[in-house]
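Novice: One structure coming up, written as structure tokens, with questions to follow.
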Amino acid sequence: MKRKIATAVLVLFGWAVFASKAQAATTDNMTVTVTIGGALDINLVEATYDFGSQGINITTVSATGVTAQNSSTALTEDWQINASTFTANWNLTTAAPGPDTVRLSAQLAAVRPAVGGGTWSVFDILTSYQNLTSSAFTDGTSNGNDVPAAGSRTLWFKLETPTTTSSSNVQTLTVTVQAVVASTF
């Protein structure tokens, strides 16, 4: 029995010596990086919108909206909008419409806005792109700021036709919505 106790004491003593023995150590660091895959991407589901035949000197809101989707697989986006001038005869204005001059406005909204509802922002062709912010082009709840991946918004148009026109031809213009890096505005 004494021999077992002596052996146990020696084992514990040896373990205590090794456990308390100081060990020299060195350290090194490394950097871990990750990149979220994906690219900015926006899709306008409806490729065209036709106001149809309209009279002169009237104001109308598009009957249906155009769905804009953040089709990026991973990135949050900010959206901007631009309009070209018409292909022939008509011009865009930020002022009141006149002869062969129309005013086109847009707004992001979940449902069709009234002519005087929300914040209808006028297309300014002198500005390359205009931000779809929480204070411009909005009904107050829907905007193009920080749109998450796979998120969508509905875009509506308000058209104020010319006071007179020299052409009964179909008038066409291009509206462009572009996705930019989130936190652009």
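Bear in mind these aren't lab numbers, they're just calculated from the coordinates by the rules spelled out. This structure is a prediction, so every number in the text was calculated from the model and none was measured. For neighbour counting, all protein chains shown are included, and Cβ atoms are generated from backbone atoms with ideal geometry for every residue, glycine included.
Novice: Which of Thr76, Thr165, Thr138 moves the most in a Gaussian network model of the chain with Cα springs under 10 Å?
Specialist: Thr165
Novice: Hey, quick one: spin label on Thr163, modelled 7 Å out along Cα-Cβ, who in region 57-93 has an amide N within reach, i.e. under 17 Å?
Specialist: Answer for this model: 57-59, 90-93.
Novice: Below 8 Å between Cα atoms, with a sequence gap of 6+, how large is the relative contact order for region 13-149 in percent?
Specialist: 24
Novice: To the nearest 10 degrees, how steep is helix 2-20 against the longest Cα principal axis of the chain, on a 0 to 90 scale?
Specialist: 40
Novice: Calculate how many DSSP beta bridges within the chain are antiparallel, expressed in % of all such bridges and rounded to the nearest 5.
Specialist: 90
Novice: Can you list the HN-Hα couplings for region 23-39, worked out from phi with the Karplus curve (6.51, -1.76, 1.60; θ = phi - 60°), rounded to whole Hz and with x for Gly and Pro?
Specialist: In residue order, the calculated couplings are 10, 7, 9, 10, 10, 8, 10, 9, 9, 10, 10, 8, 10, 7, x, x, 9 Hz.
Novice: Then there is this: Sum -39500 (n - 2.57) across every DSSP H segment of at least 4 residues in the chain, then divide by the residue count to get the 222 nm mean residue ellipticity, nearest 500.
Specialist: -3500 deg cm²/dmol
Novice: Then there is this: Only one of the listed values, (i) 7, 7, 7, 7, 6, 6, 6, 6, 5, 5, 5, 4, 4, 4, 3, 3, 3, 3, 2, 2, 2, 1, 1, 1, 0, 0; (ii) 10, 25, 25, 16, 12, 8, 4, 1, 0; (iii) 9, 28, 23, 10, 4, 4, 5, 5, 5, 4, 2, 1, 0, was derived from the coordinates as P(r) over Cα pairs in 10 Å bins from 0, in percent; which label is it?
Specialist: Here the calculated entry is (iii).
Novice: Something else now. Considering Cα pairs under 8 angstrom that are at least six residues apart, work out the relative contact order of region 85-185 and quote it in whole percent.
Specialist: Rounded, it is 36 percent for region 85-185.
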